[in-house]
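Let me begin by presenting the structure, written as structure tokens, before commenting on it.
The values are calculated or read from the model by the stated rules, or taken from the named source; none is laboratory data. It should be emphasised that the depicted structure is a prediction, and the values quoted were computed from it without experimental measurement. Glycine gets a Cβ as well: all are built from the backbone with ideal geometry, and neighbour counts include every protein chain shown.
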Amino acid sequence: MLRFDSVIIPTYLDGVRMNDLIAQPFPGYALIDSGDGRKLEDIAGMLVDRASPAPLWRPALKPEQWQRVVGRVERRADGGGNWIWQQRDPGEIELPYRIGNRELRLVLRFTNFGHIGIFPEQEPVWRLLHAAVAARGPCKGLNLFGYTGAASLAMAAAGAEVFHVDSAKGVLSWGKSSADKSDLGTGSVRWVHEDCMAFLDHSRRKGFRYDVICADPPAWGHGKTKDQMWKIDEQLQALADALAGVVSENGVVVLCAHAPGVQRTAVANVLQAAGLKVAWSGDLVQSHRDDERLLPAGVCAVSAPDTQLIMRHLIQPKLSGV
Ligand SMILES: C[S@@+](CC[C@H](N)C(=O)[O-])C[C@H]1O[C@@H](n2cnc3c(N)ncnc32)[C@H](O)[C@@H]1O
């Protein structure tokens, strides 16, 4: 059983595990199979094979089906990687992505690390943020460790003025190109090149408040200057404290983590220790297109005044025909 405010709900509801936020296939993206440290995905109609630490199990499909890929990432010993394409390298792709009544155009590029510019497992988080903004009307959004900004665009598409913070210049210009192609309007997303902790400290000192906040920190990272190192093991509580210092009254905070060893109870506990009321915490998981297996993809905790907001997202039916 899980406890939401004073209401006790079953751990399973309508066959859905309530401690999972499930990323379903969406038009233009589907997880087809996983196993042996790899993911087989359909990205914009292309079958690709990428490395992933999560699938410790045997793939469900036969090797011949994996061999039909058009692109595969080969990992190098130095930690980098290379795409091997059957035909020509697809270069930059625009993925149409519908959220609410808007169609965004997410720019995808196939990087040497095997990244594509979005983390599809975060898709239910984008929708949750969009819904949180839509429920408020025009408001201020904040996306920390924002990468190329799918979550920022999702908030902006619902009418928020969004501050998108990342310490890597390249991902900011990448995100801006998606915003431009999505016709979001000048100024709906402010692309801030800054260390996240420094940004939060500045916001608190100035008395700035944000209504809907997303923080999706990596295990470790570099800030803007050499001395600004981010380490989740050492700074997650400080991050939660800083979030509590800038969230508006009745605001929403979504805190995710993808680092080995950081469990859902830990992200809930840091929010609670920061004085934020936790409405839900659980695992982020990715659903396969054609079978019931779930791929673990991180953890998440949500502080929100309205528990219905998160409940609606947990009971999303699987889309068919994607
Ligand atoms: C895993 S990505 C986040 C994924 C993103 N939330 C999404 O779903 O698209 C981590 C991002 O954090 C940024 N980063 C790492 N350390 C940082 C710091 N100290 N301040 C600001 N950004 C940082 C990196 O540049 C990177 O873009």
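Out of Ala156, Ala150, Ala131, report the one residue that is more than 15 Å from the ligand (Cβ to nearest atom) and in the same structural domain as Glu249 (by TED's automatic domain parsing).
Result of the check over Ala156, Ala150, Ala131: Ala131.
Only one of Val162, Val125, Val133 is closer than 28 Å to Asp20 by Cβ, touching a helix residue (DSSP H, G or I) at 6+ places or on another chain (Cβ under 6 Å) and in a helix (DSSP H, G or I). Can you tell me which?
Just a single option satisfies the conditions, and that option is Val133.
For Lys231, all conditions in the list (1) crowded, with 19+ Cβ neighbours inside 10 Å; (2) over 17 Å from Asn143 (Cβ atoms) hold save one; what is the number of the exception?
(1)
Can we say Ile310 is under 19 Å from Leu142 (Cβ atoms), within 18 Å of the chain's Cα centre (by Cα) and in a strand (DSSP E or B)?
no
I'm trying to understand the selection: among the residues of the stretch 262-278, which are more than 16 Å from the ligand (Cβ to nearest atom) and either in contact with a strand residue (DSSP E or B) (Cβ under 6 Å, 6 or more places away or on another chain) or outside any helix (DSSP H, G or I) (or both)?
Gln263, Arg264, Ala268, Leu271, Ala274, Gly275, Leu276, Lys277, Val278
The rows are residues; the columns are (1) of a type outside the set (A, V, I, L, M, F, W, C); (2) over 20 Å from the mean Cα position of the chain (by Cα).
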| position | (1), (2) |
| --- | --- |
| Ser177 | yes, no |
| Asp195 | yes, no |
| Phe208 | no, yes |
| Gln235 | yes, no |
| Val262 | no, no |
| Leu271 | no, no |
| Ser281 | yes, no |
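Would you mind stating whether Glu94 is assigned to a strand (DSSP E or B) and under 19 Å from the mean Cα position of the chain (by Cα)?
So Glu94 fits the description; yes.
Give Gly100, Gly117, Gly71, Gly80 a once-over and let me know the one that is in contact (Cβ under 8 Å) with a residue 24 or more places away in the chain, more than 16 Å from the ligand (Cβ to nearest atom), of a type outside the set (A, V, I, L, M) and surrounded by 17 or more Cβ atoms within 10 Å (Cβ to Cβ).
Gly71
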